[in-house]
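Below is one structure, written out as structure tokens; the observations come after it.
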Amino acid sequence: MNTTVTEIGDRIYRLSTFVPEVAPPAGFVFNQFLIDADEPVLFHCGGRRFFPSVSAAVATVMPVEKIRWIGFGHVESDECGSMNLWLAAAPQAEIIHGLTACHVSLQDLADRPPRALADGESIDIGTRRIRYIDTPHVPHGWEAGVLFEETTRALFCGDLFTHTGNGPALVETDIVAPAMAAEDIFHATALTPTTAPSIRKLAALKPAMLAVMHGSSYRGNAANALHALAGYYEQRLGAALPTRTLIPA
Ligand SMILES: [Fe+2]
Ligand SMILES: [Fe+2]
């Protein structure tokens, strides 16, 4: 297992591990993001078997024990399977997540108590601020949420825009069509009436970059990309709903 490190924004590092066995023949990447600040943030932990490779990748940027905050999109093994290994390796680290994730799962699963953040609450990490945003069931998981770094306007959007393959770390080309193709393979997104509005709420942040967990990250008009993704899910939901038949009284 080999994890590559790329600085995709000002002191924002993408740690990427390609797993060809997942979604062959294109394969699939699992990414973590490291924000280098006075209080460094790791977003996504990786599964437990990724820990040796990902922690070695972090160590090329900073000592692992410097990590202060650990976040992730929702409670699944690729997002947080190794969280207790990180908590052991970084004694100052605290897990941050929304109220739902903390109260439903993390207060029990995590070896140290997590810090629960309200929707929209931010933390000053020194020269930068990270804001937690609730996105329940988007793309999946009641407890789902994302992080927005206010200085660089980087949106750490977790499984949104998931796509297959081992593309470049950062692209300025379309990532919506590859995400739609991946959705047709995985059907990973919960299609509800709130899916598109939640994604449009993220577009209103006008992010400058989308840090994508599975696939290439994106720099460009991220608001447009988010609106296009929301429109796609709106269309899918509309197509999935039965046509309403009026029963005469
Ligand atoms: Fe997920
Ligand atoms: Fe994921």
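The values are calculated or read from the model by the stated rules, or taken from the named source; none is laboratory data. As the structure is a computational prediction, the values presented were derived from the model and not from experiment. Cβ atoms come from the backbone with ideal geometry, glycine included; neighbour counts cover every protein chain shown. The area values use the complete protein model at the heavy-atom level, side chains included, leaving out ligands, DNA and RNA. Shrake-Rupley method; radii C 1.70, N 1.55, O 1.52, S 1.80 Å.
Results, tabulated for the structure shown:
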item: Using alpha-carbon coordinates, inclination of helix 176-186 to the longest axis of the chain, degrees; result: 90
item: Net length gained if the chain between GLN107 and THR6 were fully extended (0.36 nm per residue, minus Cα distance); result: 33.1 nm
item: Environment charge at SER82 (Cβ cut-off 11 Å; Lys +1, Arg +1, Asp -1, Glu -1); result: 0
item: Percent carbon-and-sulfur accessible area, segment 1-94, ignoring ligands, DNA and RNA, probe 1.4 Å; result: 52
item: Selection from TRP69, PRO24, THR243 lying farthest towards where the dipole of the chain points positive, charges on Cβ; result: THR243
item: Cα centre as origin, Lys/Arg/Asp/Glu Cβ charges: segment 1-148 dipole, Debye; result: 260
item: Shape parameters for segment 20-124, alpha-carbon atoms, Rg then Dmax in Å; result: 13.8, 42
item: Peptides 194-202, 94-102 ordered by average Cβ neighbours within 10 Å, highest first; result: 94-102, 194-202
item: Cα gyration tensor category, rounded, prolate or oblate, for segment 145-190 with a/c compared to 1.5; result: oblate
item: Size of electric dipole in the chain: Cβ of Lys, Arg +1 and of Asp, Glu -1, about Cα centre, debye, nearest 20; result: 280
item: C-alpha long axis of helix 222-240 to longest principal axis of the chain, angle in °; result: 50
item: Largest-first ordering by accessible area, 1.4 Å probe, given options THR6, THR243; result: THR243, THR6
item: Extension gain from ALA177 to ALA118, taking 0.36 nm per residue of separation minus the Cα-Cα distance; result: 18.0 nm
item: Relative contact order [Cα under 8 Å, 6+ residues apart], segment 36-181, whole percent; result: 19
item: Theoretical ellipticity at 222 nm over the chain - DSSP helices of four or more residues, -39500 (n - 2.57) apiece, nearest 500; result: -7000 deg cm²/dmol
item: Relative compactness, the chain, computed as alpha-carbon Rg over 2.2 N^0.38 Å; result: 1.00
item: Kirkwood estimate for segment 74-139, i.e. one over the average of 1/r between Cα atoms, Å; result: 12.7
item: Largest-first principal axis extents of the Cα set of segment 173-249 (Å); result: 55, 28, 17
item: 1.4 Å probe accessible area per residue over segment 1-125, in Å²; result: 41
item: Rounded percent of accessible protein surface that carbon and sulfur make up, segment 112-249, 1.4 Å probe; result: 59
item: Cβ-based net charge around THR60, under 15 Å, with every Lys or Arg adding one and every Asp or Glu removing one; result: 0
item: Options GLY231, ALA90, THR164, ranked by Cα towards positive dipole end of the chain, top entry (Cβ charges); result: GLY231
